[in-house]
Amino acid sequence: MNLLELQDISKIYGNVKALQNIDLTVRQGEWLAIMGPSGSGKTTMMNIIGCMDKPSNGAVILDGTNISKESAKSLTGIRRDKIGLIFQQFHLISYLTALENVMVAQYYHSMPDEKEALQALERVGLGDRARHLPSQLSGGEQQRVCIARALINYPMLILADEPTGNLDEANEGIVLDIFKQLHKDGSTIVVVTHDPEVAEEAQRTVVLEHGRIARIVENEK
Ligand code: ADP
Ligand code: ADP
């Protein structure tokens with residue numbers, strides 16, 4: 001089953017065509033990577049897939065529903081319900097503990113549940129860091145808090161923007177192992193990355209150039 005379909009998507013800023021005539025489907029349970037040089041449209045595509053922006057033309061079908069005509073407010077609701085976002089820059093709230101950062105995402109969705117939030121942190125190996133502030137955590141640990149936060153509401157899609165971009169090699173390995181486990185457990189993952197080692201783990205890599213799909217590489221997985 002297709003979880004996500006981009007049907008002839010274009011995004012135009014003034015006279016810049018950030019995306020042009022993109023057709024792409026993501027199957028349920030698939031792990032897809034998006035690569036491409038700077039300015040090729042990766043962020044624009046991530047924002048559209050993540051319900052943070054709308055295409056100028058074309059349709060976005062998420063879980064069978066055309067969401068391209070939804071209002072910004074309703075898109076925010078869809079994002080909070082259905083998508084787990086992971087950013088390169090972590091975006092943790094500095095004065096809240098790891099546990100509280102996870103619970104904020106619960107709050108926006110339903111009711112905070114400390115036990116469940118703690119279990120999410122345990123799932124990424126951070127059970128003993130729950131009461132730490134982000135400043136007391138390493139970059140790799142902060143990114144694992146972000147993963148726990150993204151997972152807490154059981155999103156149908158995990159969308160990650162350069163999730164290893166700020167990490168050293170050891171931490172990149174830890175984060176990749178978590179993604180591998182999520183994939184094994186049936187999660188659908190879309191990851192925007194510059195890192196070929198990350199893209200290789202995906203089943204397919206979409207390469208963007210000048211706002212178009214230049215090629216799609218099937219990885220041996
Ligand atoms: P990437 O993430 O691959 O670097 P982007 O999606 O950020 O690419 O950008 C694609 C193109 O769209 C670039 O030419 C960029 O300058 C342009 N662009 C992106 N966002 C905006 C915006 N808000 N206003 C005008 N142009 C934009
Ligand atoms: P606001 O619209 O008030 O800025 P946000 O929607 O950005 O609030 O959400 C508040 C907090 O929850 C932020 O820390 C944000 O990073 C996090 N968050 C929101 N949506 C998601 C999501 N889908 N996945 C992961 N974290 C999220």
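The values are calculated or read from the model by the stated rules, or taken from the named source; none is laboratory data. Computed from a predicted structure; not experimentally measured. Neighbour counts are summed over all protein chains in view; Cβ atoms, including those assigned to glycine, are modelled from backbone coordinates with ideal geometry. All accessible areas refer to the heavy atoms of the entire protein, side chains included, with ligands and DNA or RNA removed. Shrake-Rupley method; radii C 1.70, N 1.55, O 1.52, S 1.80 Å.
Structure summary
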item	result
Region 134-164-region 48-117 distance, computed between alpha-carbon centres (Å)	13
Longest to shortest principal axis, alpha-carbon extents of the chain, angstrom	48, 37, 34
Segment Leu133-Lys73, length gained on full extension (0.36 nm per residue, minus Cα span)	18.5 nm
Fully extended contour minus Cα-Cα distance, from Val16 to His109, at 0.36 nm per residue	29.9 nm
Crossing angle, helix 114-123 versus the chain [Cα axis fit, 0-90 degrees, rounded to tens]	70
Solvent-accessible area per residue for the chain (1.4 angstrom probe, square angstrom)	48
Restricting region 10-108 to trypsin sites (Lys or Arg not before Pro) in coil, as DSSP defines it, with at most 12 other Cβ within 10 Å	Lys69
Region 1-104: chymotrypsin sites (Phe, Trp or Tyr not before Pro) falling in loop per DSSP and having at most 16 other Cβ within 10 Å	Tyr95
Summed side-chain charge close to Ile93 - residues other than Ile93 whose Cβ falls under 14 Å, Lys, Arg +1, Asp, Glu -1	0
Asn66 versus Glu169: modelled label distance in nm, points set 7 Å from Cα along the beta carbon direction	5.0
Label-point separation, Ser56 to Val217 (7 Å along Cα→Cβ), nm	3.0
For the chain, built as a Gaussian network whose Cα springs stay under 10 Å, the top-fluctuating residue of Thr44, Thr205, Thr25	Thr25
Where a label projected 7 Å from the Cα of Asp81 along Cα→Cβ would reach, residues of region 186-219 with amide N under 19 Å	188
Rg(Cα) / (2.2 N^0.38 Å) computed for region 111-221, rounded to two decimals	1.15
